[in-house]
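Everything on this sheet refers to the single structure shown next.
The values are calculated or read from the model by the stated rules, or taken from the named source; none is laboratory data. Keep in mind the model is a prediction, meaning the values are calculated, not measured. So basically every Cβ, Gly included, is an ideal-geometry build from the backbone, and we count neighbours across all protein chains shown.
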Amino acid sequence: MTTVDMGARAGRREWLALAVLCLPTLLTTVDISVLILALPTLATDLGASATQQLWVTDIYGFVIAGFLVLMGTLGDRIGHRNVLLGGAVGFLVASLLAAYSTSIEMLLVSRTLLGISAATVMPCVLALISQLFPNPAQMGAAMGIWGTAIMLGVILGPVVGGLLLDYFWWGSIFLLGVPVMALLLLVGPGLLPASRHPQPGRLDLLSALLSLAALLPVVYGLKEVARAGWDAGAGGTILVGLAFGLMFVHRQRHLEQPMLDLALFRNPMVNTIIMLGLAFGFITAGTGLVATLYMQLVAGLSPLKVALWMLIPAAAMIIGGNVGPAVARTVRPAYVLSAGMLLAAVGALIVTQVSVSGGLATLLVGLVVMYVGGSPSATLANAVLMSSAPPEKAGAAGSLSSTGGELGVALGVAILGSVAGAVYGSAVQVPAEVSAPAAVPAGESIVGAVAVAETLPEPVAAELLDSAREAFTEALHGASLINFVLFLAVALMLAIRLRGLPPTGAGHPGMPSPGEAPPTP
């Protein structure tokens with residue numbers, strides 16, 4: 001078993017470098033949350049269907065998840081700073097393309113390019129932080145600041161996005177990436193440390209393509225199952241993705257320098273933290289999508305008002321994200337994290353009590369409880385992992401941790417969004433006076449129902465909107481019940497699998513070697 005060297009203490013330059021690294025981290029979170037607010041306007045302007053709306057949101061996270069391991073491993077081999085700066089160039093260009101997209105297809109391509117570029121951020125930033133702060137105490141503080149940057153993205157994304165959407169066109173939300181990445185390119189080369197693996201390997205694009213070929217069909221199949229139930233098409237698509245997944249695993253096992261070191265998965269700590277990130281990303285992203293749509297289209301709030309109300313649960317997320325790691329200095333992380341998940345489960349139950357009229361206060365209370373309970377997983381789990389990872393595996397470990405979270409975010413939007421759509425579709429009653437062509441989008445999503453209602457006479461429009469709002473509130477309840485079950489399952493998993501980790505203030509014993517169990521009490 002390895003032990004962690006206390007390491008030299010970081011100075012002013014290192015803390016300034018951390019501030020710079022927080023900027024792209026914040027931006028990648030912003031880029032998801034601002035788009036959720038823009039969906040209704042975007043769908044109308046580009047004529048996007050309900051499925052296209054989900055994909056334009058999903059594809060960013062799916063591509064990030066598919067390329068994270070490649071970018072993390074590439075950073076280990078050719079330098080994390082080099083990969084991060086290259087990603088900044090790509091993100092800047094793709095942001096401009098997305099902002100001025102003239103069709104839904106162009107926007108999908110731009111979002112794909114944004115995802116590839118954003119995949120450089122999380123693993124390279126985590127690896128650079130572990131290099132900048134070798135002292136465990138400072139590492140914990142740095143991870144707390146970095147985690148706060150993620151949560152600030154949750155806050156600033158809707159707020160800035162809401163302001164932009166009130167005064168400019170929907171494409172303006174993507175221009176946020178231009179000044180942030182330009183600043184990173186300006187100061188990054190002189191401020192961030194250069195790190196390079198002594199024996200860099202070749203770029204394995206085939207493995208990256210195989211990982212995407214495995215991921216996208218499985219997710220698409222699951223979306224179709226959630227939307228319309230099991231059929232031959234959905235089942236066959238999932239099987240195709242699983243086949244590509246087996247090909248990916250086979251290739252990694254037989255490569256001398258694999259893109260993904262499968263031995264890391266034999267480590268119980270890595271497994272647990274990946275599953276934690278996957279579950280919490282799934283819940284928060286899916287809930288964020290459904291909750292913001294409820295606030296806009298059921299409660300009738302403007303994007304700016306939604307953003308301002310969401311400051312309350314977002315602030316709660318920051319508080320929980322910083323209190324959790326502080327408590328974990330004297331209390332075992334397993335207890336802190338599992339207790340937080342139980343509290344979050346209570347929040348999910350509160351959301352199931354939201355009503356069509358006057359439900360905003362209940363929704364906000366439920367979100368606050370959920371975020372306070374679940375937010376320590378964003379900082380504490382990564383701090384435990386990165387403080388224990390061998391330096392030569394920092395990028396790979398960071399990419400695995402980030403992959404779980406990003407994949408969870410994408411799956412949450414896709415699956416919980418599809419589940420909400422399925423519940424909505426089964427509950428909504430489209431008036432007989434609505435023409436058949438208009439009834440299709442009205443029956444698919446509440447966004448479609450609102451758009452159709454604008455073309456109808458007042459009595460019919462009011463009847464359609466009343467039914468759509470009732471149906472979407474039921475969809476919110478269904479998604480929250482799924483979240484409740486997931487929170488309970490994750491709490492049990494954490495209590496069992498991380499029970500041997502000591503409080504962080506006692507010093508982490510390091511990451512066990514593959515196959516070695518974590519220390520027991």
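Some notes on this structure:
- Any helices (runs of 4 or more DSSP H) falling wholly within the range 247-364 and containing at least 3 residues that are among the hydroxyl-bearing types (Ser, Thr, Tyr): 268-293
- Restricting LEU304, LEU349, LEU293 to residues that are out of contact with any Ser or Thr (no Cβ under 7 Å at 6 or more places or on another chain), modelled with pLDDT of 85 or more, among the aliphatic types (A, V, I, L, M) and on the phi < 0 side of the Ramachandran plot narrows the list to LEU349.
- Residue satisfying condition, being of a type outside the set (Val, Ile, Thr) and either at pLDDT below 80 or closer than 24 Å to GLY340 by Cα (or both), within set ALA461, ALA422, ALA468, ALA389: ALA389
- Some residue of the range 33-40 being touching a Ser or Thr at 6+ places or on another chain (Cβ under 7 Å) and at pLDDT 80 or above: no
- Qualifying residues in the range 325-362 (those that are of a type in the set (S, T, N, Q) and in contact (Cβ under 8 Å) with a residue 24 or more places away in the chain) - the one surrounded by the fewest Cβ atoms within 10 Å (Cβ to Cβ): THR330
- In a residue-by-residue description of the range 284-304, the property of being of a type outside the set (A, V, I, L, M, F, W, C) and without any contact (Cβ under 8 Å) to a residue 12 or more places away in the chain applies to at least one position.
- Selection from the range 441-462 of residues that are in contact (Cβ under 8 Å) with a residue 40 or more places away in the chain, assigned to a loop (DSSP other than H, G, I, E, B) and of a type in the set (A, V, I, L, M, F, W, C): none
- Identity of the residue in the range 128-137, surrounded by fewer than 19 Cβ atoms within 10 Å (Cβ to Cβ) and within 21 Å of GLY188 (Cβ to Cβ), that ends up modelled with the lowest pLDDT: PRO134
- The range 82-109, residues that are within 25 Å of LEU128 (Cα to Cα) and among the hydrophobic types (A, V, I, L, M, F, W, C): VAL83, LEU84, LEU85, ALA88, VAL89, PHE91, LEU92, VAL93, ALA94
- Filter pass, ASP5 being within 23 Å of the chain's Cα centre (by Cα), under 30 Å from LEU262 (Cβ atoms), at pLDDT below 75 and among the acidic types (Asp, Glu): no
- In the range 65-76, the count of residues that are in contact with a His (Cβ under 8 Å, 6 or more places away or on another chain) and either touching a residue at least 12 places away in the same chain (Cβ under 8 Å) or of a type in the set (A, V, I, L, M, F, W, C) (or both) is one or more.
- Check on THR148, within 30 Å of ASN322 (Cβ to Cβ) and modelled with pLDDT under 75: yes
- Answer from VAL109, VAL160, VAL125 - the residue that is crowded, with 24+ Cβ neighbours inside 10 Å, under 20 Å from the mean Cα position of the chain (by Cα) and modelled with pLDDT of 70 or more: VAL125
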